[in-house]
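Engineer: Let me give you the structure first, and then I'll get to my questions.
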Amino acid sequence: MTPALAIEGLGVAFDDFVALEDVSLSVAPGESFGLVGESGSGKSTLLRAVAGVTPVSTGAIAVDGMILGKRRDKASYRKVQMVFQDPYGSLHPRQTVDRLLLEPLAIHGFDDTEGRIVHALDEVGLGSSFRFRYSHQLSGGQRQRVAIARALILEPSILLLDEPTSALDASVQAEVLNLLEQLRAARQLTFVMVSHDLAVVTHLCDRLMVMQNGRPVEELASADLAAGKVTQDYTRGLLAASKGFRRERSGWS
Amino acid sequence: MRDVTMTRREWLLTDRPQSRMQARLGRAYVAWRRFTANRLAVIGLVIILGLVVLAAFAPLLAPHSPYIGDLAKARLLSPGPGHWLGTDDQGRDILSRLIYGSRLTLQVVLLVAVIAAPIGLLVGTVAGYAGGWVDAVLMRITDIFLAFPKLVLALAFVAALGPGIGNAIIAIAITSWPPYARIARAETLTVRNSDYILAVQLMGASPWRIVLRHIMPLCISSLIVRVTLDMAGIILTAAGLGFLGLGAQPPLPEWGAMIASGRRFILDQWWVAAAPGFAILIVSLGFNLLGDGLRDALDPRGSGQ
Amino acid sequence: MRALLDVEDLRVSFPTRTGVIEAVRGVSFTLGRERLGIVGESGSGKSQTGRAIMGLTAEHGVIAAGKLDFNGTDLLKASKAERRALRGKRIAMVLQDPKYSLNPVMTIGRQIVETLRTHEPVGRAEAKRRALDMLAAVQIRDPERVFGLYPHEVSGGMGQRAMIAMMLIAGPELLIADEPTSALDVTVQLDVLGILNHLVAERGMGLIFISHDLRLVSSFCDRVIVMYAGRIVEELPAARLSDAQHPYTRGLLNCMPEIGTERHPLPVLDRKPEWKT
């Protein structure tokens, strides 16, 4: 079966700084794949390279078996959409929700824009009363729902999630995670999600890759991580850290 | 649907508008309320509206002809009944000339704004968004224009094009776009790397679409404010050119030219120069107050509340 | 032992054009020389509580309280100058992001020295020696080098350590930490918490730890206050978090995904209007 997303020897360098080096991975259609790491690990750079907003230095990215070139056409942009971390920064401050959702449809020349917008809002649980609001009239969770609706309105096959819940309150995070799971099941979507939170990644993803300093450390199934079946010390450290603070750990008191 | 009828105010201020129109009107209403809360800004608006009314109904409002004076009986009369602001050396009624002159002032101001602001906006946003050599070339051109004092550059252009009100307008427009380009570029740089612009790029939008539909609307409010604040300067530049004999030509009642001709009698018949001077002062003040008010009303940081 | 801080019926409100926003609506607690966690989601008033104690409420905010007593000093009656003298010297605050709370054009060492010399009449050499000691105390391996660095030249974790060093140099009795580790990587987060834990215990300070992360707070503090919509809904010992009674606390605990437990979909919080009263 052709993987939904295949990455071969990907490298990204900004001037003389190597942000990403020799990353290869493959995500099956309908699968949910997680990228975990701390700041500077290159996980967000990887996501942006796949989205086509960061220039690739070496290697190749293929979506549904088609290798994406340096200059992408509209159709290949459509296949890969992204939800950003900060719901306050990812919606245009001067546009209504209606306008935000209309824009992708207008760019790609979709018909029945009216029906699609109404449907998209329903799908993310907002309803049409939100349609003509500006983003400053929405809460963080509602904004993130709009961002998800905007990404899905183009009917992509891959959804890239860049820390989609880390700026949200815990209770809102649960709602958004549930929504994402439900949409993935309903639309057979492929997810690639970046997060620093191991609990969120293991909750939403089947497999994950741990990254450090722009390189992959280890690739494993979420179940193995949960069971503690890890081979690398770095992963073990992350796992321990995610369990919270333990007083005896500090060793002084 | 809702059976309770909302007052018009509630309809405008609702946080769940039902249509595009309502959302837009609601937003405008919020800005308007913020604007009217500022008393000085309202005074500015009243002054400018007064100027517009004066210009529109000049033939009805002016008591005398602005061009034909009574040289025999009415030369350099002091202000009094019949000629409220006195007459000039040609025996023309100064009040009537001021009223007709408002048309020229408004014309200059509007044309300069219509020509200069879009040029500045386009140059600035394109330079800011494109970056690289496009940015370098456009901004160096802007810097060259900025390097000359405005009036001197306008003088040079008028000298080359020939004196006249039309050429004066073109000259002023050509010299006043660079600051707008600078502002638009600065504003563009702050938003070009934001996630919402990235999101539109991800949809496959063309650079032109992003600049025109997503970046420009963000720059417009600060530009409008800057343009209204500059109006006073534009009027003064136009008056300066008129004063130097390079703007409006006699017998056009342009305010700057009127001051220039009144200069000869400034000690004995002070009102000839003072009246147009005062008119320039009031209109400049009006635009300044309006600009200040708009800055507060359109400031996007305030729109969240 | 008398309480270090005694707060009774604290209210913070902000009059705006559209009405009064009540950020904190009657919060009472006492703090000894212990670690108290204040947990809540955005808009719960947890940060405004900390700011009110610190005296950093925004200009137009209105503070009212039955009692706001810090070790015998009535904070409500204290003048601006007295509050200023208290701030830094006896009550200190660590904020979320060291990037914004350190002065970018001053070296870290100088900022620490300045802080010390504002509150204590010490000589330059003495101040520098104590600053270096303090940097060493926050587990910075090479204090001499970090002393001369600018904030942008250090990592987030290092910056937050420097911030803690700066806040603790004058020996405050109370430290208010508002999301001190939220901007840091998980592994660094634990180091910083470890340092904080050690210093608070060693110096016998009181600590108010404000955070949105219920689990983190309960693993770090002795006692936890849970806030919702400007009020305290529950107060309990951190060790007995699992016995929480209030549905909000329980909901908050439940809705977080956990490694090794499969719950699809996650239980969501059903906010009841009566929690607000």
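The values are calculated or read from the model by the stated rules, or taken from the named source; none is laboratory data. Here the structure is a predicted model, which means the values were calculated and not measured. FYI the Cβ positions are ideal-geometry reconstructions off the backbone, even for glycines, and counts take in every protein chain you see. Protein only, heavy atoms only, side chains kept; ligands, DNA and RNA dropped before computing areas. Shrake-Rupley method; radii C 1.70, N 1.55, O 1.52, S 1.80 Å.
Engineer: Going by average Cβ neighbours within 10 Å, how do the peptides A:49-57, A:31-39 rank, with the highest at the top?
Structural biologist: So the order, starting with the most tightly packed, is A:31-39, A:49-57.
Engineer: Per Stokes-Einstein, at 20 °C and 1.002 mPa s, what whole-number D in µm² s⁻¹ belongs to region A:54-138, with the Kirkwood radius over Cα pairs as the hydrodynamic radius?
Structural biologist: Value of D from the Cα-based Kirkwood radius: 142 µm²/s.
Engineer: Let me ask something else about it. So for chain C: antiparallel DSSP bridges make up what percent, rounded to the nearest 5? Don't jump to the answer; show the numbers that get you there.
Structural biologist: Numbers: 25 of 44 bridges.
Among the beta bridges of chain C, antiparallel pairing accounts for roughly 55 percent.
Engineer: Which of the listed residues, B:Ala160, B:Leu246, B:Ile144, is farthest toward the dipole's positive end in region B:33-302, when Lys, Arg count +1 and Asp, Glu count -1 at the beta-carbon?
Structural biologist: Value: B:Ile144.
Engineer: Could you tell me how many degrees, from 0 to 90 and to the nearest 10, lie between the Cα long axis of helix A:97-107 and the main elongation axis, the longest principal axis, of the Cα atoms of chain A?
Structural biologist: It is inclined by approximately 90 degrees.
Engineer: What's the percent breakdown of Cα-Cα distances in chain A across 10 Å bins, shortest bin first?
Structural biologist: 7, 30, 35, 21, 7, 1, 0
Engineer: Below 23 Å, Cα to Cα, which lysines can C:Lys276 reach? Residues fewer than 8 away in the same chain don't count.
Structural biologist: Candidates past the 8-residue exclusion: C:Lys46, C:Lys67.
Engineer: Rounded to the nearest 10 degrees, what's the angle between the helix B:165-192 long axis and the longest principal axis of chain B, both from Cα atoms, 0 to 90?
Structural biologist: 20 degrees
Engineer: How many angstrom lie between the C-alpha centres of region C:180-238 and region B:204-226?
Structural biologist: Using only Cα atoms, the two centres lie 45 Å from each other.
Engineer: A further question on this structure: How shielded is C:181-192 by partner chains, expressed as the average number of their Cβ atoms within 10 Å of its Cβ atoms?
Structural biologist: So the per-residue partner count for this stretch is 5.
Engineer: DSSP loop (so not H, G, I, E, B), at most 12 other Cβ within 10 Å: list which GluC sites (Glu not before Pro) in region C:38-107 pass both filters.
Structural biologist: On the way: sites: C:Glu41, C:Glu59, C:Glu82; in loops: C:Glu41, C:Glu59.
Within region C:38-107, the qualifying GluC sites (Glu not before Pro) (loop, at most 12 other Cβ atoms within 10 Å) are C:Glu59.
Engineer: So for the protein assembly as shown: antiparallel DSSP bridges make up what percent, rounded to the nearest 5? Mind showing how you got there, number by number?
Structural biologist: Working: 48 of 85 bridges.
For the protein assembly as shown, the DSSP antiparallel bridge percentage is about 55.
Engineer: Taking only protein heavy atoms and a 1.4 Å probe, what accessible area per residue, in Å², does region B:33-302 have with all protein chains in place?
Structural biologist: I get 45 Å² per residue for region B:33-302.
Engineer: In Å² (nearest 100), what accessible area is buried between B and A, both sides summed, heavy protein atoms only, 1.4 Å probe?
Structural biologist: 2900 Å²
Engineer: Taking N as the number of residues in the protein assembly as shown, what value does Rg over Cα atoms divided by 2.2 N^0.38 Å take? Please list the in-between numbers first.
Structural biologist: Numbers: Rg = 33.0 Å, N = 835, 2.2 N^0.38 = 28.4 Å.
After normalising by residue count via 2.2 N^0.38 Å, the value is 1.16.
Engineer: Quickly rank B:180-193, A:74-87 as a protection proxy: mean count of other C-beta atoms within 10 Å, highest first.
Structural biologist: Top of the packing list down: A:74-87, B:180-193.
Engineer: Do me a favour and compute the ellipsoid semi-axes for region B:33-302 from its Cα gyration tensor, root of five times each eigenvalue, largest one first, whole Å.
Structural biologist: Its equivalent ellipsoid spans semi-axes of 42, 21, 13 Å.
Engineer: Count, for each residue of C:259-271, the Cβ atoms from other chains sitting within 10 Å of its Cβ, then give me the mean as a whole number.
Structural biologist: 6
Engineer: Given chain A, what percent of its DSSP beta bridges are antiparallel, to the nearest 5?
Structural biologist: Bridges in chain A that DSSP calls antiparallel: roughly 55 percent.
Engineer: Does chain C classify as rounded, prolate or oblate by the C-alpha gyration tensor (a ≥ b ≥ c root eigenvalues; a/c under 1.5 gives rounded; else a/b over b/c gives prolate, otherwise oblate)?
Structural biologist: It comes out oblate by the Cα gyration axes.
Engineer: Excluding A:His203 itself, calculate the net charge of residues whose Cβ lies under 12 Å from the Cβ of A:His203, where each Lys or Arg counts +1 and each Asp or Glu counts -1.
Structural biologist: -4
Engineer: Continuing with the same structure: What angle, in degrees between 0 and 90 and rounded to the nearest 10, separates the Cα long axis of helix B:150-161 from the longest principal axis of the Cα atoms of chain B?
Structural biologist: Value to nearest ten degrees: 70.
Engineer: With the dipole of the protein assembly as shown worked out from charges on the C-beta (+1 for Lys and Arg, -1 for Asp and Glu) around the Cα centre, which of C:Trp275, A:Gln212, A:His196 lies farthest toward the positive end?
Structural biologist: Farthest towards the positive pole: C:Trp275.
Engineer: Do you know the relative contact order of chain A, to the nearest whole percent, from alpha carbon pairs under 8 angstrom that are 6+ apart?
Structural biologist: 26 percent
Engineer: Please give the FRET efficiency for C:Glu144 paired with A:Tyr88, using the beta carbon to beta carbon distance and R0 = 35 Å, rounded to the nearest 0.05. Each step should come with its number before you reach the end.
Structural biologist: Details: r = 41 Å, r/R0 = 1.17.
The calculated FRET efficiency here is 0.30.
Engineer: What dipole magnitude, in Debye to the nearest 20, does the protein assembly as shown give about its Cα centre under +1 on Lys/Arg Cβ and -1 on Asp/Glu Cβ? Numbers along the way, then the final one.
Structural biologist: Numbers: 89 positive and 80 negative charges, 403 e Å.
Roughly 1940 debye for the protein assembly as shown.
Engineer: Output the relative contact order of region B:33-302, whole-number percent, from Cα pairs under 8 angstrom with separation of 6+ residues. Walk me through the numbers before you get to the answer.
Structural biologist: Details: 422 pairs, mean separation 70.8, N = 270.
Averaging sequence separation for qualifying contacts and normalising by length gives 26 percent for region B:33-302.
Engineer: Counting only protein heavy atoms and a 1.4 Å probe, tell me what percentage of region C:57-189's accessible area is made up of carbon and sulfur.
Structural biologist: 52 percent
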